[in-house]
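First the structure, in the form of C-alpha cells, and then the observations on it.
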Amino acid sequence: MSRQIGIDLGTSNTMIYLKDKGIVLRAPSVVALDRVTQEVIASGTAAKRMVGKTPGNILALRPLKDGVITDLRTTSLMLGDFFERMDMTSMFSRPVALVCIPYGVTGVERRAVEDATFEAGAKNVGLIDEPIAAAVGAGIRISKARGAMVVDLGGGVSEATVISLGGVVQSNALRVAGNELDLAIVNYLKQTRNVLIGDVTAEILKWRIGTACRGIDRGTMEVCGRDLRTGLAITVEVTTEEVRTALEEPLSEIISMVKMTLEETPPELSADIFDFGIVVVGGGALLPGIDQAISERTGIRVIIPKRPMEAVCAGLGRMLQSTGDFSEFVKYKVK
C-alpha cells in the first residue's frame, strides 16, 4: 500500500508529514549539487551550512523563491533526496503526495509543483491552497459560515487570507517575508556600520535578538563581518534596537497588507474576525512582539498557535488522517 504524505514546500523550509507517523522531516529548502555531474551532495541542514562557503565544483542552491519553484529540476532533486532519506520510495511503492501551494499562483506554477513532485518519485500528487491547510492546522473549522483570518508569514511570501464556508473570500500576498527581513538587517548594518554580513548571519541575528516592537530588549550579539572601508574582517556588537529598526520598514509593509485585506473584507465577516481574532502562522510568527505590532495597527487581537511554523504541515496531516471528505479542496493527479 502506498504511503500518504503531506509536503509543506516552503521557500525557506520543507516539512513532510507521513500519515500515522506525524511530521518526519523538517529541513531547509536548500540542496548542494556537484557542478559537473549534477548529483546531490547534500540537502537540508547540511546543504544550508554550505551556503556562501562552497568551492567551484559545488553549487548550494535554494530552488524556491517567493513561494514558487524557480528551478524545477533542482527542486525535484531536493525532494527526491528527502524521499530517499525517509525511505519513501522503492521499486514496488511510491508515495501519494498532498502538496500545499500559495493561493492565487498561476497554472504554470501549479504544474511546476506537480512535475517536481512526480519527478521526485510520487505516484499521485494533489495540490491544496496553503491558507486552507494553515487554517486547518491552526484548528479553525473552515466549513463553518463564519469568517476567519489567517496570516501566514513565510520565508518568501506573506499572505493574509479570509476564509468562510471552506473557501477563500479575500486574499492578498506580499513578496516581503522572512528572507526580506534578513536582507533588511544586512542593508542596515551596511549603511549604519559600514559592515557587510552574510544572509545566514542576518537570520541568526533576527532569531536571537530581533523584535517587532519597542519595549522588548533581548540584549546584544557579536557578529563577524567585513569592514567595507578596509576590506578586513571585523567583529561588531549589534543591539536589539538596531535589529528592530532594521526590520521596521518591511514589517510595516506586511502589516499594511493585513490592514488592506481587512478593509476589503465584507462587513459581516469583519465582525466575525473582530470577535475571533487574527491567526498568525509561519516562521515570522515566532518573532517576539509580532502579535502586539499587528494588534496595535489593526485593533484586533492576534492569536499565535503553539507551533506556528508547523501549522501548514499539521493541516496537511489532519486532512490525511481525517475520515471526512476533503475532495472539494484536493484533486489528485496520477502519473
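The values are calculated or read from the model by the stated rules, or taken from the named source; none is laboratory data. This one's a predicted model, so the numbers in the text were calculated from it and none came from an experiment. Here the Cβ positions follow ideal geometry from the backbone for every residue, glycine too, while neighbour counts run over all protein chains shown. Accessible surface is based on the protein model in full, side chains and every heavy atom, while ligands, DNA and RNA are left aside. Shrake-Rupley method; radii C 1.70, N 1.55, O 1.52, S 1.80 Å.
Odds and ends about this structure:
- Looking only at residues of the range 181-235 that are acidic (Asp, Glu), in contact with a strand residue (DSSP E or B) (Cβ under 9 Å, 6 or more places away or on another chain) and modelled with pLDDT of 95 or more, we find that the one that is least open to solvent (accessible area, probe 1.4 Å) is Asp227.
- Index of the failed condition, Ser2 passing every other in (1) touching a Leu at 6+ places or on another chain (Cβ under 7 Å); (2) open to solvent by less than 50 Å² (accessible area, probe 1.4 Å): (1)
- Residues that are among the small types (Gly, Ala, Ser) and modelled with pLDDT of 90 or more were ranked within the range 78-99; the one that is surrounded by the most Cβ atoms within 10 Å (Cβ to Cβ) is Ala97.
- Matching residues, the range 179-198, being within 23 Å of Ser158 (Cα to Cα) and not hydrophobic (A, V, I, L, M, F, W, C): Asn179, Glu180, Asp182, Asn187, Tyr188, Gly198
- Tallying residues that are under 16 Å from Gln4 (Cα atoms) and open to solvent by 30 Å² or more (accessible area, probe 1.4 Å) within the range 100-123 yields 1.
- Val24 of a type in the set (A, V, I, L, M) and crowded, with 23+ Cβ neighbours inside 10 Å: no
- Of all residues in the range 15-24, those being at pLDDT below 95 and within 15 Å of the chain's Cα centre (by Cα) number 0.
- Among the residues making up the range 170-180, those that are open to solvent by 60 Å² or more (accessible area, probe 1.4 Å) and outside any helix (DSSP H, G or I) are Ala173, Arg175.
- Any pair with Cβ under 7 angstrom, 6 or more apart, that starts in the range 268-285 at a residue that is acidic (Asp, Glu) and ends at one that is assigned to a loop (DSSP other than H, G, I, E, B) and open to solvent by 10 Å² or more (accessible area, probe 1.4 Å): Asp272/Arg146
- Residue selected from the range 299-319 under the condition more than 17 Å from the chain's Cα centre (by Cα) and not in a helix (DSSP H, G or I), by the criterion surrounded by the fewest Cβ atoms within 10 Å (Cβ to Cβ): Gly299
- Test for Val51: is it touching a Pro at 6+ places or on another chain (Cβ under 8 Å) and aliphatic (A, V, I, L, M): no
- Residue match in the range 283-296 (condition: over 13 Å from Val150 (Cα atoms), at pLDDT 95 or above and of a type in the set (Ser, Thr, Tyr)): yes
- The range 53-74 - residue that is in contact (Cβ under 8 Å) with a residue 60 or more places away in the chain and of a type outside the set (A, V, I, L, M) and, of those, surrounded by the most Cβ atoms within 10 Å (Cβ to Cβ): Gly67
- Selection status of Gly44, open to solvent by less than 40 Å² (accessible area, probe 1.4 Å) and either touching a Leu at 6+ places or on another chain (Cβ under 9 Å) or closer than 30 Å to Ala202 by Cβ (or both): yes
- Scan of the range 145-165 for residues that are within 20 Å of Leu269 (Cβ to Cβ), touching a residue at least 60 places away in the same chain (Cβ under 8 Å) and of a type outside the set (Asp, Glu), ordered by number: Arg146, Gly147, Ala148, Met149, Val150, Val151, Ala160, Thr161, Val162, Ser164
- For the range 199-224, the candidate set comprises residues that are in contact with a helix residue (DSSP H, G or I) (Cβ under 7 Å, 6 or more places away or on another chain) and small (Gly, Ala, Ser); within that set, the residue that is farthest from Gly155 (Cα to Cα) is Gly219.
- Of all the criteria given as (1) among the hydroxyl-bearing types (Ser, Thr, Tyr); (2) free of Cβ contacts under 8 Å to residues at least 60 places away in the same chain; (3) under 27 Å from Ala314 (Cβ atoms); (4) open to solvent by 20 Å² or more (accessible area, probe 1.4 Å), the one not satisfied by Thr37 is (3).
- Strands (runs of 3 or more DSSP E) lying entirely in the range 187-298 (those with 1 or more residues that are closer than 30 Å to Val168 by Cα): 278-281
A quick yes/no check of all residues on (1) free of Cβ contacts under 8 Å to residues at least 24 places away in the same chain; (2) farther than 22 Å from Ile303 by Cβ; (3) among the β-branched types (Val, Ile, Thr):
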position: Leu98; (1), (2), (3): no, yes, no
position: Val105; (1), (2), (3): no, yes, yes
position: Glu109; (1), (2), (3): no, yes, no
position: Ala112; (1), (2), (3): no, yes, no
position: Lys123; (1), (2), (3): no, yes, no
position: Gly137; (1), (2), (3): no, no, no
